[in-house]
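Engineer: I have a structure here, written as C-alpha cells, and I will follow up with some questions on it.
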Amino acid sequence: MNDTAPTLEVRELRTHFFTRAGVVKAVDDVSFTVRRGKVLGLVGESGSGKTVTGFSIIGLVDPPGRIAGGQILFQGKDLASLSEAEMRHLRGNRIAMIFQDPMMTLNPVLRIDTQMIETVQAHAKVSREEARQRARDALGQVGIPSPDERLKSYPHQFSGGMRQRVAIAIALLHKPDLIIADEPTTALDVTIQGQILAEAQKLCAETGTALIWITHDLSVVAGLADDIAVMYAGKVVESGPVSQVLDAPLHPYTVGLIGSVPSRNRRGEPLRQIPGMTPSLLNLPEGCAFRSRCPRAEPNCAVPPPMPEYRPGRFARCIHPHLEEAVAA
Amino acid sequence: MSEAMTAARPAATAGAGAPIIELRGVSKRFSRSLDFAAKLARRLGAPVREDVVHAVDGVDLTIHKGEVVGLVGESGCGKSTLGRMVAGIMPPSAGTVLRNGQDITTLGGAEARLGKLRTQMIFQDPYASLNPRMKVTEIVGEAPLVHGLVRRAGLDAYVDAQLRRAGLDPAFKRRYPHQFSGGQRQRIGIARALAVQPDFLVCDEAVAALDVSIQAQILNLFMQLRRELDLTYLFISHDLGVVEHLSDRVVIMYLGRVVEEAPVAEIFQRANHPYTQALLAEVPRIDARKRAFAGVKGEIPSPINPPSGCHFHPRCPFAMERCRVERPALREIAPGHRSACHLNDRV
Ligand SMILES: Nc1ncnc2c1ncn2[C@@H]1O[C@H](COP(=O)(O)OP(=O)(O)OP(=O)(O)O)[C@@H](O)[C@H]1O
Ligand SMILES: Nc1ncnc2c1ncn2[C@@H]1O[C@H](COP(=O)(O)OP(=O)(O)OP(=O)(O)O)[C@@H](O)[C@H]1O
Ligand code: SF4
Ligand code: SF4
Ligand SMILES: [Mg+2]
Ligand SMILES: [Mg+2]
C-alpha cells in the first residue's frame, strides 16, 4: 500500500458486453481519480455506463461482459494483478458498493438481523450480541425508527426507501476506504436524504473514506461532491471541480442536463429536454456520440473528439465547448 | 354519490370531472406474526405483543377525473401502501375504496377485471416488479394481447411503439430485465403500464431512477397523454420539484395520515401544516454548493409505535399540551385547502 497514492485511480477503463446482437461498449474510455476523504459525483444519462463502471471497480462484471482495457488502481495497486481471493477480501473490507437495487444486497428470505449480524461477523471477531448491537446502531444511523423491532423484519416488510437505507447501513458497517454508492438516495425524501448525506460526510471527514456517489440528482452532487465526472454513452465527457462544472459547463450535454432540472423550468409548461433519443450503444454514430442531439454540432464533430484540459482541472470531450459562457459566468 | 360529497369538492378542481377514486376512512395494518418462541412465551403468560405497523391510518381522499394529484411524505409514511390500495391491488384493513362511485371490493367478474386494467401502477422498484425470466417484448406485449387490445399480427409493431414512447430502443426488446440499466428498467415498467391504455395511473416514484433529461422526457409524455387521453394520475414522489411541476393538487402524508391537502400553488406559497413547512424548507437546491448536511433532529417516529395525538408533535416546534393527546382533524382552512393542525383552532 502507498500512502500518497490516491484511493482510486481509473485510467481509460473499457468494459464491453459481447452479446449476440453485437458488442455493447457500456464503458468505453472512463478516467477519474478519487482521493482520501473526497467525494466524486458520477452523473450522466441513464444507460451511460455508471453502474457498469462501479461493477468494474469491485470486480462484479459477469459474462458476456468483461474489462476490455484500461487500469484500475486502488491505493496505487493495480486491481487486475490481484487473485480472486485477494479481490474478495478487498471487496468485503476495504471497498463497499451500495447497489442501485437494494435487493442485490438483501436476501429476500432472510431476516434483516440475520443478514446484518452475518456481515458484521464475517469481518470482525465479535460476539453475536455485540454484532447485533452494531447492526442496530447502523440502522439508527440511517434513520430507521424502532430499530430493535425492525431488525426482526424481512426485506419485503420494508418500504422502498427503508430497503435502500438498510443497504446503506450494511455498507457503512466496516468504514471501508472506498464506497461506491449507486443512486443510494433516489427514493428518499429530503429529510432522510439529509441524514444519510450527513453520515456520508462524517465518514469521509473522520475515517478518510473516499466516495464515488453515482446519481442523477444534480442538487445532491452540488451539495456533497468535490469533483464531478459527467458520462455520456460510455465515456466521461466532462470533469472538474463541482462548482466550476455546474456554474460554467463546457460540454453541450452537461449544459442540456442542467437545463432540464424541473425547478429551473416553469410549472405546467413542457420541461426543457435534450432533443432526440439516447443513441443505441450498438450503433453509435461515428465521431462524437452526442452529435445527433447536439445544438452546436459541426461537420468536424464526425471525428472522435479529444478531451483537452480547457482550463486547469477542467476537461471536456468536445471541440466546440461553451467557452464564451464560461468566461461570462 | 351523495350531494354533500360533490359540494365539498375543492374549488380549485371544480373544472375537473366526477370522482374517479374516493377513499373513505381507509386504513392498512400489517402485523408481524410472532415466531414460535414468542408464541410459546405468550402462551405461558409472558407479555409479548405482536408488532403492528399502522401503515395507513384513516385516510379520506378524492381524486377527480383528469386531475393530477401529487402524494408526498417521508420514507415509510405509507405512500406506496396507499397507492396499492388506490390501484386495487391491495385490500384495505378498514374503510372503502370507490372507483367511479362503486366499491371495488364488491365489484365482480368482468367489471372488476376492467377496473383493474384501466388502473395501472408504475412501481417504485422496477427490479422486483418485472419478471426476470420474461423478455421485454413479453413483459410489455402480454397484457394487451390477452385483453384483445391488439391482434397478434400487429403485436410487434405495437410493442415497438410502446417502447419508443417510453424512450427505449426497440432493438433491445429480446433482452431480459437484468441486461438493462436501472433507468431503462424503470422505463420498461412505464411502457408496460401505458400499453394497456389505462385511464388512471398510479405512479410510485416513477421517475426517481431517471436522469433529469430523461425525466423531462417522461414527465412531458405524462402531461401530453393527460391532454390527449384525459388520463388521471396519482403521482407519488419525494421530489417536490417534480410534484410542483406536474400536479394540480398536492397531498402531504405523515406517518400514515394525510396532514395537508391543497392546490399546488397554495401548498408552495401558503403551506399551513408545520410538517409541510419543514419539508419545504429542506428542499435541496442545485445552487447550494458543498454544504454540511444536517442529520434528522429528534427521534424519527415509528409506525409501530406512533406518537399519541398529533403524530408530528415530537418534532413540531409549535407543539402544545393538546397536541400530545388529541388527534387534529383534517379541516378546510381555505377553499380546497385542508390541514390537520390544532393551531388552526386559535384565531
Ligand atoms: N448484462 C448486460 N448485457 C448487455 N448489456 C448490458 C448489460 N448490463 C448493462 N448493459 C448495458 O450497458 C449500458 C450501461 O448500463 P449501466 O447500468 O452502467 O447504466 P447506468 O449509467 O448505470 O444507467 P442508469 O442511470 O439508468 O442506472 C446500458 O445501455 C445497458 O443496457
Ligand atoms: N408487506 C408488508 N408487511 C409489513 N409491513 C409493511 C409491508 N409493506 C409496507 N409495510 C410497512 O408499512 C409502512 C409504510 O410502507 P410504504 O411502503 O407504504 O412506505 P412509503 O411511504 O412508500 O415509503 P418509501 O418512500 O420509503 O417508499 C412501513 O413502515 C413499512 O415497513
Ligand atoms: S464535439 Fe461537436 S457534437 Fe460533440 S458535443 Fe461538441 S459540439 Fe456537440
Ligand atoms: S397539531 Fe400541534 S404538534 Fe401537530 S402540527 Fe399542529 S401544532 Fe404541531
Ligand atoms: Mg445504474
Ligand atoms: Mg414507497
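Engineer: Being of a type outside the set (Asp, Glu), under 26 Å from B:PHE180 (Cα atoms), in contact with a helix residue (DSSP H, G or I) (Cβ under 6 Å, 6 or more places away or on another chain) and surrounded by 21 or more Cβ atoms within 10 Å (Cβ to Cβ) is true for just one of A:VAL39, A:VAL30. Which residue is that? Step through it out loud before you land on a result.
Structural biologist: On the way: A:VAL39 fails: under 26 Å from B:PHE180 (Cα atoms).
Answer to the check: A:VAL30.
Engineer: Out of B:GLY73, B:GLY78, which single residue is within 14 Å of chain A (Cβ to nearest Cβ), within 16 Å of ligand 4 (Cβ to nearest atom), buried (at least 23 other Cβ atoms within 10 Å of the Cβ) and under 19 Å from B:TYR275 (Cα atoms)? Working first, answer last.
Structural biologist: Numbers: B:GLY78 fails: within 16 Å of ligand 4 (Cβ to nearest atom).
Going through B:GLY73, B:GLY78 in turn, just one is within 14 Å of chain A (Cβ to nearest Cβ), within 16 Å of ligand 4 (Cβ to nearest atom), buried (at least 23 other Cβ atoms within 10 Å of the Cβ) and under 19 Å from B:TYR275 (Cα atoms): B:GLY73.
Engineer: Going residue by residue through the stretch A:68-90, is there one that turns out to be among the aromatic types (Phe, Trp, Tyr) and either within 14 Å of chain B (Cβ to nearest Cβ) or within 16 Å of ligand 3 (Cβ to nearest atom) (or both)? Even if it seems obvious, please write down each step before you answer.
Structural biologist: Here is the first cut: in the stretch A:68-90, the residues among the aromatic types (Phe, Trp, Tyr) are A:74.
Retained after the next criterion (residues that are either within 14 Å of chain B (Cβ to nearest Cβ) or within 16 Å of ligand 3 (Cβ to nearest atom) (or both)): none.
No, every residue in the stretch A:68-90 fails to be among the aromatic types (Phe, Trp, Tyr) and either within 14 Å of chain B (Cβ to nearest Cβ) or within 16 Å of ligand 3 (Cβ to nearest atom) (or both).
Engineer: Then there is this: Based on what the data block shows, is B:ARG327 surrounded by 13 or more Cβ atoms within 10 Å (Cβ to Cβ), part of a loop (DSSP other than H, G, I, E, B), at pLDDT 80 or above and of a type in the set (D, E, K, R)? Give the derivation first.
Structural biologist: Numbers: surrounded by 13 or more Cβ atoms within 10 Å (Cβ to Cβ): yes; part of a loop (DSSP other than H, G, I, E, B): yes; at pLDDT 80 or above: yes; of a type in the set (D, E, K, R): yes.
Considered against the rule, which asks whether it is surrounded by 13 or more Cβ atoms within 10 Å (Cβ to Cβ), part of a loop (DSSP other than H, G, I, E, B), at pLDDT 80 or above and of a type in the set (D, E, K, R), B:ARG327 comes out as yes.
Engineer: Another question, then. Could you check the stretch A:22-39 and list, in sequence order, the residues that are assigned to a strand (DSSP E or B) and within 13 Å of another protein chain (Cβ to nearest Cβ)?
Structural biologist: Within the stretch A:22-39, the first condition is being assigned to a strand (DSSP E or B), and the residues that meet it are A:22-34, A:39.
A:GLY22, A:VAL24, A:ALA26, A:VAL27, A:VAL39 - these are the residues of the stretch A:22-39 that are assigned to a strand (DSSP E or B) and within 13 Å of another protein chain (Cβ to nearest Cβ).
Engineer: Here's another thing I want to ask about it. Do we find that A:GLU238 is under 22 Å from the mean Cα position of the chain (by Cα) and of a type in the set (Asp, Glu) in this structure?
Structural biologist: Numbers: under 22 Å from the mean Cα position of the chain (by Cα): yes; of a type in the set (Asp, Glu): yes.
Here the answer is yes, as A:GLU238 does meet what is asked.
Residues are listed down the side, and each one gets a yes or a no for (1) farther than 16 Å from A:ALA229 by Cβ; (2) within 16 Å of ligand 2 (Cβ to nearest atom); (3) in contact (Cβ under 8 Å) with a residue 24 or more places away in the chain; (4) in a loop (DSSP other than H, G, I, E, B):
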position	(1), (2), (3), (4)
A:PHE18	yes, no, yes, no
A:SER56	no, no, yes, no
A:GLY70	no, no, yes, no
A:LEU90	yes, no, no, no
A:MET103	yes, yes, yes, no
A:GLU118	yes, no, no, no
A:ALA122	yes, no, yes, no
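Engineer: Still on this structure: When you go through (1) more than 30 Å from B:LEU279 (Cα to Cα); (2) in a loop (DSSP other than H, G, I, E, B) one by one for B:VAL159, which number turns out not to apply?
Structural biologist: It fails just one condition, (2).
Engineer: Which condition number does B:SER181 fail, the rest of (1) touching a residue at least 12 places away in the same chain (Cβ under 8 Å); (2) under 18 Å from B:GLN124 (Cα atoms) being met?
Structural biologist: Going through (1) touching a residue at least 12 places away in the same chain (Cβ under 8 Å); (2) under 18 Å from B:GLN124 (Cα atoms) one by one, B:SER181 breaks only (1).
Engineer: Now for a separate question. So, A:ASP78, is that one acidic (Asp, Glu) and surrounded by 15 or more Cβ atoms within 10 Å (Cβ to Cβ) or not? Lay out the reasoning, then the answer.
Structural biologist: Values: acidic (Asp, Glu): yes; surrounded by 15 or more Cβ atoms within 10 Å (Cβ to Cβ): no.
No; evaluated as a whole, the condition is false for this residue.
Engineer: Scan the stretch B:81-121 for residues that are more than 25 Å from A:PRO145 (Cα to Cα), within 16 Å of ligand 2 (Cβ to nearest atom) and open to solvent by 40 Å² or more (accessible area, probe 1.4 Å) and jot them down.
Structural biologist: Listed by number, the residues that qualify are B:ILE89, B:PRO91, B:GLY95.
Engineer: Is one or more of the residues making up the stretch B:206-221 more than 9 Å from chain A (Cβ to nearest Cβ), within 16 Å of ligand 6 (Cβ to nearest atom) and in contact (Cβ under 8 Å) with a residue 12 or more places away in the chain? Working first, answer last.
Structural biologist: Of the residues in the stretch B:206-221, the ones more than 9 Å from chain A (Cβ to nearest Cβ) are B:206-207, B:218, B:221.
From what is left, the residues that are within 16 Å of ligand 6 (Cβ to nearest atom) are B:206-207.
Still in the running and in contact (Cβ under 8 Å) with a residue 12 or more places away in the chain: B:206-207.
Looking through the stretch B:206-221, at least one residue is more than 9 Å from chain A (Cβ to nearest Cβ), within 16 Å of ligand 6 (Cβ to nearest atom) and in contact (Cβ under 8 Å) with a residue 12 or more places away in the chain.
Engineer: Looking at the stretch B:332-347, which of the residues that are open to solvent by less than 60 Å² (accessible area, probe 1.4 Å) and assigned to a loop (DSSP other than H, G, I, E, B) is farthest from ligand 6 (Cβ to nearest atom)?
Structural biologist: B:GLY336
Residue-wise test of (1) away from ligand 1 (no atom under 16 Å from the Cβ); (2) among the basic types (Lys, Arg); (3) within 22 Å of B:ILE218 (Cβ to Cβ); (4) in contact (Cβ under 8 Å) with a residue 12 or more places away in the chain.
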position	(1), (2), (3), (4)
A:ILE258	yes, no, yes, yes
A:LEU281	no, no, yes, yes
A:GLY287	yes, no, no, yes
A:SER292	yes, no, yes, yes
A:PRO304	yes, no, no, yes
A:TYR310	yes, no, no, yes
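Engineer: Looking at the stretch B:111-132, I want the residues that are within 14 Å of another protein chain (Cβ to nearest Cβ) and have a partner that is open to solvent by less than 40 Å² (accessible area, probe 1.4 Å) and in a strand (DSSP E or B) with Cβ atoms under 7 Å, at least 6 apart or on another chain. Which pairs are those?
Structural biologist: Close Cβ pairs satisfying both conditions: B:MET121/B:VAL202; B:MET121/B:ASP204; B:ILE122/B:LEU201; B:ILE122/B:CYS203; B:ILE122/B:ASP204; B:PHE123/B:ASP204; B:GLN124/B:ASP204.
Engineer: Hey, could you check the stretch B:171-183 for residues that are in contact with a Ser or Thr (Cβ under 9 Å, 6 or more places away or on another chain) and open to solvent by less than 40 Å² (accessible area, probe 1.4 Å) and say which is nearest to ligand 6 (Cβ to nearest atom)? Reasoning before the result, please.
Structural biologist: Keep residues of the stretch B:171-183 that are in contact with a Ser or Thr (Cβ under 9 Å, 6 or more places away or on another chain), which gives B:171-175, B:179, B:181-183.
Going one step further and asking which of them are open to solvent by less than 40 Å² (accessible area, probe 1.4 Å), we end up with B:172-173, B:181-183.
Working: B:PHE172: 28, B:LYS173: 28, B:SER181: 21, B:GLY182: 16, B:GLY183: 18 Å.
Taking the candidates together, the pick is B:GLY182.
Engineer: Across the stretch A:105-115, which residue is farthest from ligand 4 (Cβ to nearest atom) among those that are not in a helix (DSSP H, G or I) and not polar (S, T, N, Q)?
Structural biologist: The initial filter retains those residues of the stretch A:105-115 that are not in a helix (DSSP H, G or I), namely A:105-111.
With not polar (S, T, N, Q) added as a condition, the list becomes A:106, A:108-111.
On the way: A:LEU106: 34, A:PRO108: 37, A:VAL109: 40, A:LEU110: 38, A:ARG111: 34 Å.
My answer is A:VAL109.
Engineer: Restricting to the stretch B:230-257, what's the tally of residues that are under 19 Å from B:PRO19 (Cα atoms), within 12 Å of the chain's Cα centre (by Cα) and open to solvent by 10 Å² or more (accessible area, probe 1.4 Å)? Lay out the reasoning, then the answer.
Structural biologist: First, pick out the residues of the stretch B:230-257 that are under 19 Å from B:PRO19 (Cα atoms): B:230-236, B:247-251.
From what's left, within 12 Å of the chain's Cα centre (by Cα): B:233-236, B:250-251.
Adding the requirement that they be open to solvent by 10 Å² or more (accessible area, probe 1.4 Å) leaves none.
Qualifying residue count, the stretch B:230-257: 0.
Engineer: Scan the stretch A:148-159 for residues that are in a helix (DSSP H, G or I) and either open to solvent by 20 Å² or more (accessible area, probe 1.4 Å) or away from chain B (no Cβ under 11 Å) (or both) and report the count.
Structural biologist: Start the filter on the stretch A:148-159 by keeping residues that are in a helix (DSSP H, G or I), which leaves A:148-150, A:155-157.
Narrowing further to those that are either open to solvent by 20 Å² or more (accessible area, probe 1.4 Å) or away from chain B (no Cβ under 11 Å) (or both): A:148-149, A:156-157.
Of the residues in the stretch A:148-159, 4 are in a helix (DSSP H, G or I) and either open to solvent by 20 Å² or more (accessible area, probe 1.4 Å) or away from chain B (no Cβ under 11 Å) (or both).
Engineer: Look at the stretch B:238-268 and say how many of its residues are away from chain A (no Cβ under 12 Å) and either under 17 Å from B:GLY76 (Cβ atoms) or without any contact (Cβ under 8 Å) to a residue 12 or more places away in the chain (or both).
Structural biologist: The number of residues fulfilling the criteria is 4.
Engineer: Another one. Name every residue in the stretch A:91-105 that is open to solvent by 50 Å² or more (accessible area, probe 1.4 Å) and within 14 Å of chain B (Cβ to nearest Cβ), in order of residue number. Show your work before the answer.
Structural biologist: So in the stretch A:91-105, the residues open to solvent by 50 Å² or more (accessible area, probe 1.4 Å) come out as A:91, A:94, A:103-104.
Scanning the stretch A:91-105 gives A:MET103, A:MET104.
Engineer: Run B:ASP156 past the list (1) open to solvent by less than 60 Å² (accessible area, probe 1.4 Å); (2) at pLDDT 90 or above; (3) more than 14 Å from every other protein chain (Cβ to nearest Cβ) and report the number of the one that doesn't hold.
Structural biologist: Against the list (1) open to solvent by less than 60 Å² (accessible area, probe 1.4 Å); (2) at pLDDT 90 or above; (3) more than 14 Å from every other protein chain (Cβ to nearest Cβ), B:ASP156 comes up short only on (1).
Engineer: Follow-up question, since we're still on this one. Given the criterion under 27 Å from B:CYS77 (Cβ atoms) and either surrounded by 17 or more Cβ atoms within 10 Å (Cβ to Cβ) or within 16 Å of ligand 2 (Cβ to nearest atom) (or both), identify the matching residue among B:ALA195, B:ALA191, B:ALA206, B:ALA166. Explain how you work it out, then say what you get.
Structural biologist: Details: B:ALA195 fails: under 27 Å from B:CYS77 (Cβ atoms); B:ALA191 fails: under 27 Å from B:CYS77 (Cβ atoms); B:ALA166 fails: under 27 Å from B:CYS77 (Cβ atoms).
After applying the criteria, what remains is B:ALA206.
The values are calculated or read from the model by the stated rules, or taken from the named source; none is laboratory data. Source: prediction; values computed, not measured. Here the Cβ is made from the backbone with ideal geometry for all residues, glycine too, and neighbour counts use every protein chain on show. Remember, those area values only see protein heavy atoms, side chains included, never the ligands or the DNA or RNA. Shrake-Rupley method; radii C 1.70, N 1.55, O 1.52, S 1.80 Å.
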